[in-house]
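The values are calculated or read from the model by the stated rules, or taken from the named source; none is laboratory data. These numbers come from a predicted model, not from an experiment. Cβ sites come from the backbone with ideal geometry, for glycine too, and all protein chains shown count toward neighbours. The area values use the complete protein model at the heavy-atom level, side chains included, leaving out ligands, DNA and RNA. Shrake-Rupley method; radii C 1.70, N 1.55, O 1.52, S 1.80 Å.
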Amino acid sequence: PDIAVLDIKMDDMDGIRLAKKLNELVPHCQIIFLTAYLDYATEVYEAEHSYFVLKQHMDTRLPEASKKACLNLASRLAEAPCLTIKDRRSVTKIPVRDILYMERVGRKTRIVAQSGERWTIQSPAELLQELESSPFIRCHQSYWVNAQAIFSLKENEFILIGETAIPLSRTFRHEAKEAFFAQLHHKTEK
């Protein structure tokens with residue numbers, strides 16, 4: 001989610017714990033806390049959030065909170081690393097965090113993102129050269145996988161979020177596994 005409106009008091013999990021989990025899993029997500037209890041006003045600072053709204057002021061404050069969350073989101077997305085996809089008629093920026101993998105098919109590159117897919121004549125190497133540091137791992141002659149999208153590693157394939165399996169070729173297998181474990185180690189250090 002890009003924006004989450006969370007009630008603090010819920011049945012199975014309180015909104016503050018859920019917000020902490022969202023902060024961890026979806027750092028760009030803007031959180032608006034909604035509650036009928038002013039007692040939680042100081043506890044919400046345990047999680048990153050955009051706004052705190054009391055339910056009795058919801059009609060006046062929620063539109064303002066939503067506007068602020070949208071502005072925060074736009075500014076965070078503008079700062080996020082993106083790939084610039086060019087074709088004959090347009091130039092599109094896709095946030096790196098949304099891309100699952102790239103596949104070279106003939107003379108074109110297929111970019112598969114959570115929001116759909118795009119095609120370009122640019123090679124993956126051309127697309128990646130604009131990034132300061134790249135989370136992409138080349139695991140096959142035709143495939144570059146976003147390490148952030150890898151759910152698990154099986155013997156000869158990466159399993160991505162959404163259960164897509166990407167093969168690890170013999171040529172790239174050793175380097176791909178090393179890069180994956182380096183990314184995993186780097187992530188656990190944070």
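Odds and ends about this structure:
- Scan the range 20-42 for residues that are in contact with a helix residue (DSSP H, G or I) (Cβ under 8 Å, 6 or more places away or on another chain), open to solvent by less than 40 Å² (accessible area, probe 1.4 Å), not polar (S, T, N, Q) and not in a loop (DSSP other than H, G, I, E, B) and the total you get is 4.
- Residue within the range 1-11 that is part of a strand (DSSP E or B), at pLDDT 90 or above and open to solvent by 70 Å² or more (accessible area, probe 1.4 Å) present: yes
- Within the range 43-71, restricting attention to residues that are open to solvent by less than 50 Å² (accessible area, probe 1.4 Å) and assigned to a helix (DSSP H, G or I), the residue that is nearest to K21 (Cα to Cα) is V44.
- Any hit, the range 164-172, residues being under 16 Å from I99 (Cα atoms), free of Cβ contacts under 8 Å to residues at least 24 places away in the same chain and not hydrophobic (A, V, I, L, M, F, W, C): no
- Residues satisfying the stated conditions in the range 143-155, i.e. assigned to a strand (DSSP E or B) and open to solvent by less than 90 Å² (accessible area, probe 1.4 Å): Y143, W144, V145, N146, I150, S152, L153
- In the range 78-129, the residue that is surrounded by the most Cβ atoms within 10 Å (Cβ to Cβ) out of those that are among the hydroxyl-bearing types (S, T, Y), assigned to a strand (DSSP E or B) and within 19 Å of the chain's Cα centre (by Cα) is Y101.
- For H140, the conditions (1) part of a loop (DSSP other than H, G, I, E, B); (2) at pLDDT below 95 are fulfilled apart from (2).
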